[in-house]
Amino acid sequence: MSNLPGDRAKSRYVEDTFNSIAKRYDLMNTLMTFGLDKSWRRLAVKLSRLKEGGKGLDVCCGTGMLTLEQARVAGPAGKITGLDFSRNMIEMAQQNIKDLSFRDNIQFVQGDAMDLPFENNCFDCVTVGWGLRNVPDVLRVVQEMARVVKPGGKVISLDMAQPVVPVFKEFYWLCFDRIIPTVGKLLSGNKKAYKYFYNSARGFMCQQELADLFAQAGLDETRYLNLCGGVVAIVEGKKPL
């Protein structure tokens, strides 16, 4: 964690980082995950138990890919909101929905994940994709997500995690450290941004620690699901009735 900015500067640093790579973010995500990111998002929304006609929130929505998956499930009668603090990411998200038939049931809001501008108990589910390791106070964000989800609703995180297969683990971190930043520089012109992604992922809490934090935030039935040997994990919790 020594290469990461301190909490006081982190919000501005992360915002500037994501603003700088917004146009190439989706392409890099696809390359970094070998195209598996789409199936992971579908699984995350499936686990959220969002139904047709439901109302969902996607925190740290970025370019809106997880938001769009919620909207696909909720259908034309649903209402889905994506929130992000990066202006450029929100603009890309709006571009991503402009030709969709169900775009009218999606709205994007620029805002702070640590102080969500929504009333208590107003969403059927709340998701966050690749976002929690980028915020200064993870517990506060999860508490906010728990606050705005309805009783019985799910809070879901989809993010980089700590690989659990010993030999693969070292190979993975080596590739992430050496190769991904170089590819990121070629495609986005910003090697530093993808070096930050490595540092933030390597220094982030493990899956069990995040599940424990979900419980600390007041959520029940917390658990995690490893994907690709723990390279990515879905962590979920349910708001008590």
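Summary of values
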item: Members of the stretch 151-193 that are under 18 Å from Ala113 (Cα atoms) and out of contact with any strand residue (DSSP E or B) (no Cβ under 6 Å at 6 or more places or on another chain); result: Asp159
item: Test for Ala113: is it in contact (Cβ under 8 Å) with a residue 12 or more places away in the chain, under 14 Å from Ala217 (Cβ atoms) and assigned to a loop (DSSP other than H, G, I, E, B); result: yes
item: So Ala215, is it surrounded by 19 or more Cβ atoms within 10 Å (Cβ to Cβ), of a type in the set (A, V, I, L, M, F, W, C) and closer than 30 Å to Gly56 by Cβ; result: no
item: Residue match in the stretch 173-188 (condition: of a type in the set (Asp, Glu) and surrounded by fewer than 19 Cβ atoms within 10 Å (Cβ to Cβ)); result: yes
item: Count of residues meeting criterion [crowded, with 17+ Cβ neighbours inside 10 Å and of a type outside the set (Gly, Ala, Ser)] in the stretch 151-171; result: 8
item: Test: residue in the stretch 74-85 that is in contact with a Cys (Cβ under 9 Å, 6 or more places away or on another chain) and of a type in the set (D, E, K, R); result: yes
item: Test: residue in the stretch 95-110 that is under 27 Å from Pro181 (Cα atoms) and surrounded by 21 or more Cβ atoms within 10 Å (Cβ to Cβ); result: no
item: Residues that are out of contact with any strand residue (DSSP E or B) (no Cβ under 9 Å at 6 or more places or on another chain) and of a type in the set (Ser, Thr, Tyr), drawn from the stretch 194-208; result: Tyr194, Tyr196, Tyr198
item: Output for the stretch 104-144, where each listed residue is touching a Lys or Arg at 6+ places or on another chain (Cβ under 9 Å) and closer than 13 Å to Leu213 by Cβ; result: Val135
item: Output for the stretch 56-113, where each listed residue is more than 17 Å from the chain's Cα centre (by Cα), small (Gly, Ala, Ser) and more than 16 Å from Leu43 (Cα to Cα); result: Gly75, Ala77, Gly78, Ser101
item: Extreme residue, farthest from Gly152 (Cα to Cα), among residues of the stretch 116-135 that are assigned to a strand (DSSP E or B) and of a type outside the set (Ser, Thr, Tyr); result: Gly129
item: Hits in the stretch 10-59 (condition: modelled with pLDDT of 95 or more, among the hydrophobic types (A, V, I, L, M, F, W, C), more than 14 Å from Gly129 (Cα to Cα) and surrounded by fewer than 18 Cβ atoms within 10 Å (Cβ to Cβ)); result: none
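The rows are residues; the columns are (1) under 24 Å from Ile21 (Cβ atoms); (2) free of Cβ contacts under 8 Å to residues at least 12 places away in the same chain; (3) in contact with a Ser or Thr (Cβ under 8 Å, 6 or more places away or on another chain).
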residue	(1), (2), (3)
Val148	no, no, no
Val165	no, no, no
Phe171	no, yes, no
Leu174	yes, yes, no
Arg178	yes, yes, no
Lys195	yes, no, no
Asn199	yes, no, no
Cys206	no, no, no
Ala215	no, no, yes
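The values are calculated or read from the model by the stated rules, or taken from the named source; none is laboratory data. From a predicted model like this one, the values you see are computed outputs, not experimental measurements. FYI the Cβ positions are ideal-geometry reconstructions off the backbone, even for glycines, and counts take in every protein chain you see.
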